[in-house]
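For reference, the structure discussed in these notes is given below.
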Amino acid sequence: MKIMKRPNILLTGTPGVGKTTLGKELAQRTGLSYVNVGDLAQEGQLYDGFDDEYQCPILDEDRVVDELEDKMGDGGMIVDYHGCDFFPERWFNIVFVLRTDNTVLYNRLENRGYTGKKLQDNIQCEIFQTIYEEAMEAYKEEIVHQLPSNDPEDLERNLEQIVQWIEQWTKDNN
Ligand code: DAT
């Protein structure tokens, strides 16, 4: 039996832009597998030290990569993380950077319980388009796409576009 080739997709962007919401729904609609790197690290305790400034554990990037390597080789993975420069470039067929307007993002992060420096730093991260620039450096520019992620209409449009892209990629590669 021939196994169908399927693409690997990276969803990245500042915390709160909607990666998890989009990724889970996309997995439901397409049958691809969704992986939240934050959750994966938490479950496997894939940490290397503790960040005193932000009061959070520091991701052990090498162990995360080791943990995911086999699955990525099989294809059909949707990976969600607020950073992107430590994954092997060869893993991903396409990279989406979700973008959210400052005021909208501010409210989402406040609702999530972020305050003070953590809130300010994440808003700054979005204003300076830090993750977009990280993605443009880490991957071929032509596979990096920005997606607006402000309201439910954006979400639906993004879902439809990515589902279409997956269908086309699957046709072209099988
Ligand atoms: P992330 O995974 O990037 O941290 P999330 O998916 O947890 O973000 O979303 C953060 C919050 O914003 C959550 O309450 C759901 C909401 N949200 C996400 N995408 C949205 C959209 N397109 N329109 C309105 N709300 C959205």
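Which Cα, out of W169, L119, A135, lies furthest along the positive dipole direction of the chain (beta carbon charges, K/R +1, D/E -1)?
W169
Let me have the 222 nm mean residue ellipticity of the chain computed from DSSP H runs of 4+ only, each contributing -39500 (n - 2.57), with the sum over all residues rounded to the nearest 500.
Result for the chain, helices only: -15500 deg cm²/dmol.
Just I78, I131, I58 to compare: in a GNM of the chain, with alpha carbon springs under 10 Å, which one fluctuates most?
I58
Can you send over the carbon and sulfur percentage of the accessible area for the chain, probe radius 1.4 Å, protein chains only?
45
Could you state the number of Å between the C-alpha centres of segment 32-88 and segment 132-165?
After rounding, the separation between the Cα centres reads 20 Å.
For segment 1-73, run through the chymotrypsin sites (Phe, Trp or Tyr not before Pro) and keep only the ones in DSSP coil with at most 15 other Cβ atoms within 10 Å of their Cβ.
Hits after loop and neighbour filter: Y54.
Restricting things to alpha carbons, tell me how big the chain is in terms of Rg and Dmax, in Å.
16.2, 56
Rounded to the nearest 5, what % of DSSP beta bridges with both residues in the chain are antiparallel?
15
Rounding to the nearest 20 debye, state how big the charge dipole of the chain is about its Cα centre with +1 on each Lys and Arg Cβ and -1 on each Asp and Glu Cβ.
Roughly 700 debye, rounded to the nearest 20.
The values are calculated or read from the model by the stated rules, or taken from the named source; none is laboratory data. Keep in mind that what you see is a predicted model, and the values were worked out from it rather than measured. Reconstructed Cβ throughout: ideal geometry from the backbone, glycine too, with neighbour counts over all protein chains shown. Accessible surface is based on the protein model in full, side chains and every heavy atom, while ligands, DNA and RNA are left aside. Shrake-Rupley method; radii C 1.70, N 1.55, O 1.52, S 1.80 Å.
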